[in-house]
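I have placed the structure first, in the form of structure tokens, so that the comments after it can refer back to it.
The values are calculated or read from the model by the stated rules, or taken from the named source; none is laboratory data. All values reported here derive from a predicted model rather than from experimental measurement. As a convention, Cβ positions derive from the backbone with ideal geometry for all residues, glycine included, and neighbour counts pool all protein chains shown.
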Amino acid sequence: MTTPVIEARNLCCERDERILFYNLNLRVCAGDIVQIAGPNGSGKTTLLRILTTVSHDFSGRLYWGEDDLRRRRLDYLNHLLYLGHQPSVKKALSPRENLRWFSGLSSGHVQMPIEQALREVGLHGYEDVPCYALSAGQLRRVALARLYQTPARIWVLDEPFTAIDKQGVAALERLLLEHASGGGSVVLTTHQELGLAGVRRLDLLDFQADSDAMMAAAGDFS
Amino acid sequence: MNAPAPLPSPSVGAAFAAVLRRDLTLAYRHRGEIANPLVFFLIVITMVPLSITPEPAVLATLAPGLIWVVALLSTLLSLDSLFRSDFDDGSLEQLLISPQPLYLMVFAKVLAHWLVTGLPLTLMAPLLGVLLSLPEAGYWPLCLSLLLGTGSLSLIGAVGAALTVALRKGGLLLSLIIMPLYTPVLIFGAGAVRNAIDGFLVGPQLAILGAMLALAIIMGPLAAAGALRIGVNG
């Protein structure tokens, strides 16, 4: 458990001539749950978008196992599940149709049938209801049902607890623990206090650039 | 190597089918919006005899060009929504990071777009030809040229839609980017119908339209995929 699954070295990211984080190093090993903390606008979502290869606006290196992540991007993506800031759920489709699309994209390998996954997230009986009839919390739950289905080992979750009720949060925390104890890795952002044992916190405020570093980084970017 | 054991390799065909099926289902659920360009097409063409002249000889000279111009504009109307809603609700990110070739995923989306705009336009065209007193010799070339041409229109348009997806108000810019790229398709498409009416060969024009479509199939989704990566990146 010493070799990290994902490793980020010297990540720097600049947005609108403002440095979000500087010299950030992150190691995520199998069995880790890493919480990215920081106030609004500190770059949590940006960091997750970098880790999921959605965004390329950064300097620094990303490693997947021992290899450069860019070289084995497809293999990495095959092991990755990313729940973004938006639930990515189409409101005109039913939960079943939405999940079918997701599983189709990730090559159709699922560990649990759609009905059972939806039952797990408390959407039993809503399988074929159009998603625009669902509440914000239920929409989020449709996206969370993917966690039950996916065979991916790396979960990157952006505010997964948004609009979820207490029981839902508890169930999700159980799921995360189960995933981590099975050798999976979780990177998440949340403003909620996590009731999980063994969560590592990474505070983005620790990687904010002081003025000297800012000058140096400005040199790097120009 | 401590990375997890490899998963079974992803099936590209299943992903292609999933994207195509989802987009067609979405189009069916939003059929009002999808019908919009078609109704526009129909209305403009029916207005022409009323506003210009009902004289069949005049209409017959106008018909090929008019049908082609309006088909082009109707396609343009529907383009902005190609990636917009996916961008807004985050599913575009999911598409970008799916372990699939993005070229094929974009191609599936464009194919769905063509099936609900270009294909109905092509099927409606003979009917509109009657409204514009199109001479008999022009019907087959009209259908064939539209069948080949609307495919190119959707594929080229996808590049523009992808380039402007991250802009809040990309509508005007989209038209400006796409219009010059559409002109060759328009020239050869309308030219084929005109040649047929005048009794000349239509083969060369249709062949060029086919070549454009082949080029658009190769280049269009590739360029659109690159543009999407840039758009979502920012």
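What the table below lists for this structure:
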item	result
Criterion (touching an Asp or Glu at 6+ places or on another chain (Cβ under 8 Å) and either surrounded by fewer than 21 Cβ atoms within 10 Å (Cβ to Cβ) or closer than 18 Å to A:Ser88 by Cβ (or both)) met by exactly one of B:Leu127, B:Leu92, B:Leu77	B:Leu92
Residue in the stretch A:125-143 that is surrounded by fewer than 21 Cβ atoms within 10 Å (Cβ to Cβ) and at positive phi present	yes
Residue check, A:Leu81 surrounded by 20 or more Cβ atoms within 10 Å (Cβ to Cβ), more than 7 Å from chain B (Cβ to nearest Cβ) and touching a residue at least 60 places away in the same chain (Cβ under 8 Å)	yes
When residues of the stretch A:21-35 are limited to those that are among the hydrophobic types (A, V, I, L, M, F, W, C), farther than 12 Å from A:Leu62 by Cα and within 14 Å of another protein chain (Cβ to nearest Cβ), the one surrounded by the most Cβ atoms within 10 Å (Cβ to Cβ)	A:Ala30
Condition check for B:Ala192: surrounded by 13 or more Cβ atoms within 10 Å (Cβ to Cβ), under 16 Å from the mean Cα position of the chain (by Cα), part of a helix (DSSP H, G or I) and away from every other protein chain (no Cβ under 14 Å)	no
Residues (within 14 Å of chain B (Cβ to nearest Cβ) and either in a strand (DSSP E or B) or touching a Gly at 6+ places or on another chain (Cβ under 6 Å) (or both)) located in the stretch A:2-19	A:Ile6, A:Glu7, A:Cys13, A:Glu14, A:Arg15
Subset of the stretch A:117-134 that is assigned to a loop (DSSP other than H, G, I, E, B) and either free of Cβ contacts under 8 Å to residues at least 24 places away in the same chain or within 14 Å of chain B (Cβ to nearest Cβ) (or both) - its residue that is nearest to A:Leu47 (Cα to Cα)	A:Leu134
Residue check, B:Leu127 in a helix (DSSP H, G or I) and in contact (Cβ under 8 Å) with a residue 40 or more places away in the chain	no
Pair list, Cβ under 8 Å, 6 or more apart: the stretch B:156-174 residue within 16 Å of B:Gly234 (Cβ to Cβ) and free of Cβ contacts under 8 Å to residues at least 60 places away in the same chain, other residue buried (at least 23 other Cβ atoms within 10 Å of the Cβ) and of a type in the set (Val, Ile, Thr)	B:Leu173/B:Thr164
Test: residue in the stretch B:138-145 that is more than 23 Å from B:Ile230 (Cα to Cα), surrounded by 22 or more Cβ atoms within 10 Å (Cβ to Cβ), modelled with pLDDT of 90 or more and over 15 Å from the mean Cα position of the chain (by Cα)	yes
Of residues in the stretch A:36-75 being touching a residue at least 60 places away in the same chain (Cβ under 8 Å), more than 16 Å from the chain's Cα centre (by Cα) and closer than 23 Å to A:Glu17 by Cα, the one surrounded by the most Cβ atoms within 10 Å (Cβ to Cβ)	A:Ser42
Single match in B:Pro54, B:Pro99 (criterion: assigned to a loop (DSSP other than H, G, I, E, B), surrounded by fewer than 16 Cβ atoms within 10 Å (Cβ to Cβ) and more than 14 Å from the chain's Cα centre (by Cα))	B:Pro54
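Conditions (1) outside the structural domain of A:Thr3 (by the TED database); (2) aliphatic (A, V, I, L, M); (3) surrounded by 22 or more Cβ atoms within 10 Å (Cβ to Cβ), marked per residue:
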| residue | (1), (2), (3) |
| --- | --- |
| A:Asp165 | no, no, no |
| A:Leu177 | no, yes, no |
| A:Ser181 | no, no, no |
| A:Val187 | no, yes, yes |
| A:Thr190 | no, no, no |
